[in-house]
Amino acid sequence: MAVALLVAAGRGERLGADGPKAFVMLAGRPMLEWSLDALRAVEQVRRIVVALPAGAQAPAGTIGVAGGAERSHSVRAALAAAGESGPDEPVLVHDAARPLLTPAIVRASLEALETTGADAVVAAAPVVDTIKRVADAELRVAETVPRSALWAVQTPQAFRRAALERVLAQPDEVLAAATDDASLVEQAGGRVHLVESPRENLKVTTPVDLRLAALLLEERC
Ligand code: C5P
């Protein structure tokens with residue numbers, strides 16, 4: 001069995017919506033409901049904890065907790081509310097900002113955690129753009145980074161519970177600097193693997209992402 005933590009406490013300022021991003025209406029429902037559907041459909045997920053912005057209600061059948069100042073603080077708050085379980089029980093962390101999650105992606109992440117024996121498994125898609133690193137504020141190009149080994153990281157990220165607990169016990173400022181939780185496990189010397197996931201599992205950050213996500217979800221229904 002597994003526990004799922006859905007982080008939904010961000011303000012989503014780059015989206016420019018009135019309220020918190022996870023509650024913006026998307027194809028007729030608040031954005032976080034799409035991820036919840038996918039998580040609820042996976043038999044192995046026995047409990048879902050949602051990190052929420054101030055004043056928001058926990059969705060039906062979930063445990064709600066107040067989110068923290070930064071994303072990893074919200075993950076830590078959600079894990080603390082998940083209740084006891086064994087050190088090896090998988091914990092899935094998913095961003096409510098990725099509403100195109102499917103049960104198949106969740107199952108593949110859990111299965112890869114099992115088969116690789118890694119501390120964490122991260123859903124990711126091969127990078128399709130050519131990536132250049134710039135040297136300065138004038139945008140002078142320093143190098144073109146070989147693309148073949150580059151992957152764009154998504155959520156869900158599946159962790160062995162003990163590995164996630166250990167890295168989240170670090171000081172607030174260490175967590176604040178992390179853009180995902182798997183990088184904390186990497187820094188601590190843990191073994192992290194990727195599992196291939198479709199590019200459609202996109203992150204809603206700006207208004208154009210919201211339009212794209214709405215089109216894809218409407219197509220699915
Ligand atoms: O802001 P960004 O899109 O990078 O956030 C990724 C995810 O983390 C979103 O689902 C957001 O709601 C969540 N988050 C959070 N608590 C924060 C910041 C972000 O739960 N303090």
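FYI, it's all coordinate maths here, none of it is from the lab. On a predicted model such as this, the values are computed, not experimentally measured, just so you know. Here the Cβ positions follow ideal geometry from the backbone for every residue, glycine too, while neighbour counts run over all protein chains shown.
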So Ala17 and Ala152, fully extended at 0.36 nm per residue minus their Cα-Cα distance, gain in nm 46.0 nm
Of the candidates Leu100, Ser74, Leu216, the farthest towards the positive dipole end of the chain (Lys/Arg Cβ +1, Asp/Glu Cβ -1, centred on the Cα centre) is Leu216
Expected sort for 7-15, 154-162, 31-39 on mean C-beta neighbours within 10 Å, highest first, is 154-162, 31-39, 7-15
Percent antiparallel among DSSP beta bridges confined to the chain, rounded to 5, stands at 45
Distance in Å, no decimals, from the C-alpha centre of region 93-108 to the one of region 1-47 is 9
Trypsin sites (Lys or Arg not before Pro) in region 51-142 lying in a DSSP loop, each with at most 12 other Cβ atoms within 10 Å of its Cβ, come to Arg140
Relative contact order as a percentage, region 2-220, C-alpha pairs under 8 Å and 6+ apart, gives 24
Over the Cα atoms of region 3-116 the radius of gyration and the largest Cα-Cα distance (Dmax), both in Å, equal 13.7, 43
In terms of the charge dipole of the chain, which places +1 on Lys and Arg and -1 on Asp and Glu at the beta carbon, the residue among Ile48, Pro30, Ala169 farthest towards the positive end is Pro30
Computed over all unlike Cα pairs, the Kirkwood hydrodynamic radius of the chain in Å stands at 17.9
With +1 at each Lys and Arg Cβ and -1 at each Asp and Glu Cβ, the charge dipole magnitude of the chain around its Cα centre, to the nearest 20 debye, comes out at 220
Per DSSP, the loop-located GluC sites (Glu not before Pro) within region 64-162 having at most 14 other beta carbons within 10 Å are Glu84, Glu138
Under the Karplus relation with 6.51, -1.76 and 1.60 and θ = phi - 60°, whole-Hz ³J(HN,Hα) for region 25-36, x at Gly and Pro, equal 6, 9, 6, x, 9, x, 3, 5, 5, 5, 5, 4
